[in-house]
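Single-structure report; data block below.
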Amino acid sequence: MSGPARLRKDIEKALSNPNLAGALERFAEAYLVARRKTYEGVDFERLRAEVSRLKARAAQDIGALADRFEEEARRRGAVVYRAATADDACRYIADLAGERGVRTVVKAKSMASEEIGLNTHLEGAGVRVVETDLGEWIIQQAGQRPSHMVMPAIHLTREEVSRIFSENLGEEVPPDIERLVKVARRELRKAFFEAGMGLSGANIAVAETGSIFIVTNEGNARLATTLPPVHVALVGYEKLVSSLADAATILKALPRSATGQQAATYVSVITGSTPTYREGGTGPKELHIVLLDNGRLEMARDPVFKEALQCIRCASCLNVCPVYQLVGGHVYGHIYTGGIGAILTAFLEGMEQGYGPQSLCIGCRRCVEFCPAEIDIPGLILELRKRLVEGRGLPFPQRAVLRGVLRKRRLFHALLRVASKAQKPLSKGGPFITRLPLSLSPLSQTRSLPALAEVPLRDRVRRRPAAEAATRGPLALYAGCLVDFVYPSVGEAVLSVLEAHGYRGLFPDEQTCCGAPAIYLGDVETARELAMQNIEALEASEARYVITACPTCAVTLIEDFPRLFGDDPHWSARARRLAEKVRDFSAFVHGLRTASTSGARAGPGPKAAEDGNGPGRSGPRLRVTYHDACHLKRRLGISREPRELISSLTGVELVEMAEPDRCCGFGGSYSLRFPELSAAMLERKLRSIEVTGADLVAVDCPGCLLQIAGGLDKKGSAVKVEHTAQILAGFLSRSDGPPCGEPLQ
């Protein structure tokens, strides 16, 4: 079975497992509450800026830190071995076990040991390996691998653990947590006293003193590192920091971000060799520290991916990732899980191992919001995709669409026009296509799809009457594909609101797709070509501002265009000039209203008056709930502004849904490549909307409009979905326009 086919089968299996879904969702909900509480009174942004700074500095100085760490650790009686590869590390530890006559090794939790396949190597050498972390011991009994970097058995319920224990221990063990823990403690105690070697990882390694820090919530790590006469610590280079002060800073963030605790139950600091505590033992015990490279030094030399070495392995990115919460780490990852795991896997185990996991990232950027080291995981995923495309090329279907169609504006737009006519047997003249035929049917299984507009926005603009009293302007409207060819009414609403503020809106005909699909699939060549086409089209308008109602397009124009031409001074300068002009619609209009000195606000439109919501009317209020688009909130920092615009409308009640900024599951081409995951994310969003009792869902992204409206239609819901521009345009007074002010810069 091919890689993509196997991945799809794994996804289907995970989604059909109710125990997995329940376990992950319950933990995710509890984690958010605990984390929020434990960070009360802590300046998280300041703390993570400091963690980011010190870890970035450590990655920059990784060679010098390793030298000093080795010198200080040796001076205090430790043996330090630098392992260049996984084989080197396994060989050293197995040889040491053989030389000391070790038959049993007890292990504290170590992801690095999973990475190098240490257990398999030791068992092949005749050494029994016993995992002593409760979660690790459970999955060792189950014959599985960890599904989470902090909580390896998070995917298992107590009933499943009970069955695993009963089968492996030959006794009936009830699914009672206290009883399960007692059984594990009983079995593990024997191993601690039999072991000739204890093995651990390390959360932090301090160059200043040669110390290693081990942070746990169980006492097993202290037993594993103190009872056996030999202790081996397997430490990745990325755990190195300069000083004890740096370690203290990390310890402020690690337990809070990992498990929502102010402090871990145990923080063990081991500096040099220590006395042995075994009965009859004399003298110091042996401490061997294996500094593991296995791709880390290459990552540190990479100008882009060295950022990943800032990771403190708290796994908060997994705890909030909507994809991980659906499928778990056995699907989303190899050894290291989630988005950060895909990046680490590509460097530590090879690009081919990271190919499948990286494709699961939807790019919602929720992980960035929670990361205590400020790692731009989605940005690194995009760079990884770019390099994968450079190395192995685009799959044929993607190459045909991106390079054969998308780059050719006239062909692309002509095909959309043809499709708008050919779709009629499917849409039956309505706004939705409820069912697609044959192999395309999964795309319409859980959501209806919008019909292409019969007349795209670019044609409608030509028919619009010239704006009266246009005293400011002109402004260029950048529509993007969805607004232009699927939701032209959104574009018309944008123009109506801008015209009501005294602007004259222009639509540059030569504009085309912003290139976001190419960027998210790693096709930089196509993205650059589309960027050049759009820069030329928008420059020709000579407009003061470029307004867009699509946050993905806005991010692409503002951030991605300049980055695409980093090696081309001419195009880079043009891209930066364009970026300075680009404004999100809602933020721009909010700026106008904020700057206004008139004090008036937009009155209700005719429809609102008919519904009883006009001035002086006492009819029912329109309940509106707002969904935050991922790019709008997390890339552009816009969340408050559209809410204030909507709340200012007469007769409107804004009600917040649970997790309004949780991804709806659209993700552009993601919903085409992974319709099952997209549907599962959408289902959670629809449940949140239903609870609010809202009449209308407001969005600021045409992609979210497509996803949420399609899901509601499929369910037969009466709840409507509109772009903020449509809501504002519907409430414009026919006699008096909204207040005018200068836009905020």
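Can you say whether Val106 is closer than 20 Å to Gly143 by Cβ, outside any helix (DSSP H, G or I) and in contact (Cβ under 8 Å) with a residue 60 or more places away in the chain, as far as the supplied structure shows?
Values: closer than 20 Å to Gly143 by Cβ: yes; outside any helix (DSSP H, G or I): yes; in contact (Cβ under 8 Å) with a residue 60 or more places away in the chain: yes.
Here the answer is yes, as Val106 does meet what is asked.
Are any of the residues in segment 229-238 over 19 Å from Thr132 (Cα atoms), of a type in the set (A, V, I, L, M) and not in a helix (DSSP H, G or I)?
no
Just for helices (runs of 4 or more DSSP H) wholly inside segment 288-406: which have at least 1 residues that are in contact with a Cys (Cβ under 7 Å, 6 or more places away or on another chain) and over 24 Å from Pro255 (Cα atoms)?
On the way: elements: 296-301, 316-320, 324-327, 338-348, 351-358, 366-370, 377-392, 396-401.
In segment 288-406, 377-392 are the helices (runs of 4 or more DSSP H) which contain 1 or more residues that are in contact with a Cys (Cβ under 7 Å, 6 or more places away or on another chain) and over 24 Å from Pro255 (Cα atoms).
Filter segment 384-400 down to residues that are surrounded by fewer than 19 Cβ atoms within 10 Å (Cβ to Cβ) and within 30 Å of Ala56 (Cα to Cα) and give me whichever is modelled with the lowest pLDDT.
Here is the first cut: in segment 384-400, the ones surrounded by fewer than 19 Cβ atoms within 10 Å (Cβ to Cβ) are 386-387, 390-393, 395-397, 399-400.
Filter once more, keeping what is within 30 Å of Ala56 (Cα to Cα): 386-387, 390-391.
Numbers: Lys386: 95, Arg387: 93, Glu390: 92, Gly391: 89.
Top of the filtered list is Gly391.
Quick one: which of Ala73, Ala112, Ala108, Ala84 is in contact with a Leu (Cβ under 9 Å, 6 or more places away or on another chain) and over 26 Å from Ser243 (Cβ atoms)?
Values: Ala73 fails: over 26 Å from Ser243 (Cβ atoms); Ala112 fails: over 26 Å from Ser243 (Cβ atoms); Ala108 fails: over 26 Å from Ser243 (Cβ atoms).
Unique residue meeting the criteria: Ala84.
Looking at the structure I just gave you, is Val483 in contact with a Pro (Cβ under 6 Å, 6 or more places away or on another chain), within 30 Å of Ser669 (Cα to Cα) and surrounded by 19 or more Cβ atoms within 10 Å (Cβ to Cβ)? Quick ask: steps written out before the conclusion?
On the way: in contact with a Pro (Cβ under 6 Å, 6 or more places away or on another chain): yes; within 30 Å of Ser669 (Cα to Cα): yes; surrounded by 19 or more Cβ atoms within 10 Å (Cβ to Cβ): yes.
So Val483 passes the test.
Does segment 496-508 contain any residue that is out of contact with any Leu (no Cβ under 8 Å at 6 or more places or on another chain) and at pLDDT 95 or above? Working first, answer last.
Taking segment 496-508 as the starting set, the residues that turn out to be out of contact with any Leu (no Cβ under 8 Å at 6 or more places or on another chain) are 499, 502.
Cutting the leftovers down to at pLDDT 95 or above gives us none.
Checked against the condition, which is being out of contact with any Leu (no Cβ under 8 Å at 6 or more places or on another chain) and at pLDDT 95 or above, segment 496-508 yields no hits at all.
If you check Ser243 against the conditions, is it surrounded by fewer than 19 Cβ atoms within 10 Å (Cβ to Cβ) and in contact with a Gly (Cβ under 6 Å, 6 or more places away or on another chain)? Break it down into steps so the answer makes sense when it comes.
On the way: surrounded by fewer than 19 Cβ atoms within 10 Å (Cβ to Cβ): yes; in contact with a Gly (Cβ under 6 Å, 6 or more places away or on another chain): no.
Criteria not met by Ser243.
Among the listed residues Arg462, Arg407, Arg458, Arg403, identify the single one that is exposed (fewer than 12 other Cβ atoms within 10 Å of the Cβ) and charged (D, E, K, R). Please lay out each step first, then the result.
Values: Arg407 fails: exposed (fewer than 12 other Cβ atoms within 10 Å of the Cβ); Arg458 fails: exposed (fewer than 12 other Cβ atoms within 10 Å of the Cβ); Arg403 fails: exposed (fewer than 12 other Cβ atoms within 10 Å of the Cβ).
Exactly one residue qualifies, and that residue is Arg462.
Within segment 627-648, is there a residue that is crowded, with 16+ Cβ neighbours inside 10 Å and modelled with pLDDT under 95? Write out each step before concluding.
Step one: of segment 627-648, the residues crowded, with 16+ Cβ neighbours inside 10 Å are 627-636, 638-639, 641-643, 645-646, 648.
Among the residues that remain, those that are also modelled with pLDDT under 95 are: 648.
Within segment 627-648, one or more residues are crowded, with 16+ Cβ neighbours inside 10 Å and modelled with pLDDT under 95.
Quick test for you: out of Glu167, Glu160, pick the one residue that is under 35 Å from the mean Cα position of the chain (by Cα) and over 23 Å from Pro228 (Cβ atoms).
Details: Glu167 fails: under 35 Å from the mean Cα position of the chain (by Cα).
From the options Glu167, Glu160, the qualifying one is Glu160.
Among the residues of segment 540-567 satisfying the criterion of being among the charged types (D, E, K, R) and at pLDDT 95 or above, which is nearest to Ala527 (Cα to Cα)? So that I can check it myself, show each step before the final result.
Taking segment 540-567 first, the residues among the charged types (D, E, K, R) are 542, 544, 559-560, 563, 567.
Cutting the leftovers down to at pLDDT 95 or above gives us 559-560, 563.
On the way: Glu559: 13, Asp560: 9, Arg563: 11 Å.
Top of the filtered list is Asp560.
For segment 188-246, which positions are among the acidic types (Asp, Glu) and modelled with pLDDT of 95 or more? Working first, answer last.
Kept after step one, since they are among the acidic types (Asp, Glu), are these residues of segment 188-246: 194, 208, 218, 238, 246.
If the condition is that a residue be among the acidic types (Asp, Glu) and modelled with pLDDT of 95 or more, then Glu208, Glu238, Asp246 are the ones that fit.
Only helices (runs of 4 or more DSSP H) wholly contained in segment 1-90 count here; list those with 3 or more residues that are closer than 30 Å to Ser162 by Cβ. Even if it seems obvious, please write down each step before you answer.
Numbers: elements: 3-15, 18-38, 44-60, 62-75.
Of the helices (runs of 4 or more DSSP H) lying wholly inside segment 1-90, those with at least 3 residues that are closer than 30 Å to Ser162 by Cβ span 3-15, 18-38.
Given the structure, is Glu160 of a type in the set (Asp, Glu) and either part of a strand (DSSP E or B) or free of Cβ contacts under 8 Å to residues at least 40 places away in the same chain (or both)? Break it down into steps so the answer makes sense when it comes.
Working: of a type in the set (Asp, Glu): yes; either part of a strand (DSSP E or B) or free of Cβ contacts under 8 Å to residues at least 40 places away in the same chain (or both): no.
Taking the combined requirement at face value, the residue does not satisfy it.
Here is a list of conditions, (1) part of a loop (DSSP other than H, G, I, E, B); (2) surrounded by 19 or more Cβ atoms within 10 Å (Cβ to Cβ); (3) among the polar types (S, T, N, Q), and Asn119 meets all of them except one; can you say which number that is?
It is condition (1) that Asn119 fails.
If Ala97 passes every condition in (1) in contact with a Phe, Trp or Tyr (Cβ under 7 Å, 6 or more places away or on another chain); (2) touching a residue at least 40 places away in the same chain (Cβ under 8 Å) but one, which one does it miss?
(1)
Arg447 passes all but one of (1) closer than 30 Å to Tyr503 by Cβ; (2) in a loop (DSSP other than H, G, I, E, B); which number fails?
Result: Arg447 fails condition (1) only.
Any residue in segment 177-190 that's surrounded by 15 or more Cβ atoms within 10 Å (Cβ to Cβ): show its pairings with residues that are among the β-branched types (Val, Ile, Thr) at Cβ separation under 6 Å, as long as the two are six or more apart or on different chains.
Hits for this filter: Leu180/Val161; Val183/Val173; Leu188/Thr132.
In the list Pro465, Pro474, Pro508, which residue meets the criterion of being outside any strand (DSSP E or B), out of contact with any helix residue (DSSP H, G or I) (no Cβ under 6 Å at 6 or more places or on another chain) and not aromatic (Phe, Trp, Tyr)? Lay out the reasoning, then the answer.
On the way: Pro474 fails: outside any strand (DSSP E or B); Pro508 fails: out of contact with any helix residue (DSSP H, G or I) (no Cβ under 6 Å at 6 or more places or on another chain).
After ruling out the rest, the residue left standing is Pro465.
The values are calculated or read from the model by the stated rules, or taken from the named source; none is laboratory data. Owing to the predicted nature of the structure, the values given are computational and were not obtained by experimental measurement. Methodologically, a virtual Cβ is constructed for each residue, glycine included, from the backbone with ideal geometry; neighbour enumeration extends over all protein chains shown.
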